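This report concerns only the one structure given below.
The values are calculated or read from the model by the stated rules, or taken from the named source; none is laboratory data. The shown structure was predicted, so the numbers you read here are calculated from the model rather than taken from an experiment. Positions of Cβ are generated from backbone atoms using ideal geometry, with glycine treated the same way; all protein chains shown enter the neighbour counts.
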Amino acid sequence: MTKGDKIRRVLERRDLDLTGEELEERWLNDNDDDSLRGLALEWNCQVLDCSLRDQGHLLDTETVRTKTKNLIDKELSMTESDLQERGIDLESVLDDFVTYQTIYSYLTLVRGVEYEPSPSGKSHAISTLSRACTKVELMAQSKLDARDIFAEGELTADVDCGAPCPSCEARASLTYWLVEEHCPQCGYGKRRSTKPIEPKGRD
Ligand SMILES: [Zn+2]
């Protein structure tokens, strides 16, 4: 069973406001609140809210959100006893909580969503990032040259902003992430790699 199947099972069992179609639309719409992490938080809030309603408790959105975050962060004591007093079965609530990876698996593997980002936003981000890196390089280079450790220009500063893959932790440059939108090693990402990735040969 794939990780994303959990979403389908919970949707069948619980009366959430979210639907599979809605998760898909919101992810594709590119709003900041609808990142995978944002959608996972909303999902978890709805799971808790649904259990509260079943026990006859109508709490406001903010309160539900705070309690949900406390449960996720394992800040349990207060929240836990409060919810237990309200008759909530915490184990079943936590069982139905998901991570952003589960939402991702559901959208890509179960629903087969392919994501195409808007090109304007992307090229803007790439050029901003590359300008920022150049600035840091120039600044670093002038500091190095001023220290007189080597002959001027012999030691070259090279700024590479990168980030590890959330799935396999392989490191890739931010420009790579922005352009390719998937991990160079395992293919994790919004736009998945279409071919298996060959390890780079070393000469
Ligand atoms: Zn990876």
Condition broken by Q185, with the remaining ones in (1) at pLDDT below 90; (2) touching a Cys at 6+ places or on another chain (Cβ under 7 Å) satisfied: (1)
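Taking S35, is it closer than 30 Å to L178 by Cα, small (G, A, S) and in contact with a Gly (Cβ under 7 Å, 6 or more places away or on another chain)? Quick ask: steps written out before the conclusion?
On the way: closer than 30 Å to L178 by Cα: yes; small (G, A, S): yes; in contact with a Gly (Cβ under 7 Å, 6 or more places away or on another chain): no.
In short, no.
For every residue, the table says whether it meets (1) modelled with pLDDT of 90 or more; (2) surrounded by 14 or more Cβ atoms within 10 Å (Cβ to Cβ).
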{"residue": "G4", "(1), (2)": "no, yes"}
{"residue": "L11", "(1), (2)": "yes, yes"}
{"residue": "H57", "(1), (2)": "yes, yes"}
{"residue": "V64", "(1), (2)": "yes, yes"}
{"residue": "Q84", "(1), (2)": "yes, no"}
{"residue": "I88", "(1), (2)": "yes, yes"}
{"residue": "D95", "(1), (2)": "yes, no"}
{"residue": "Y106", "(1), (2)": "yes, yes"}
Tally of residues being part of a helix (DSSP H, G or I) and either more than 16 Å from the ligand (Cβ to nearest atom) or over 16 Å from the mean Cα position of the chain (by Cα) (or both) across the stretch 142-178: 8
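Looking at the stretch 40-88, which of its residues are of a type in the set (D, E, K, R) and either touching a helix residue (DSSP H, G or I) at 6+ places or on another chain (Cβ under 7 Å) or within 21 Å of E22 (Cα to Cα) (or both)?
If we filter the stretch 40-88 for residues that are of a type in the set (D, E, K, R), which is where we start, we get 42, 49, 53-54, 60, 62, 65, 67, 69, 73-75, 80, 82, 85-86.
If the condition is that a residue be of a type in the set (D, E, K, R) and either touching a helix residue (DSSP H, G or I) at 6+ places or on another chain (Cβ under 7 Å) or within 21 Å of E22 (Cα to Cα) (or both), then E42, D49, R65, K67, E80, R86 are the ones that fit.
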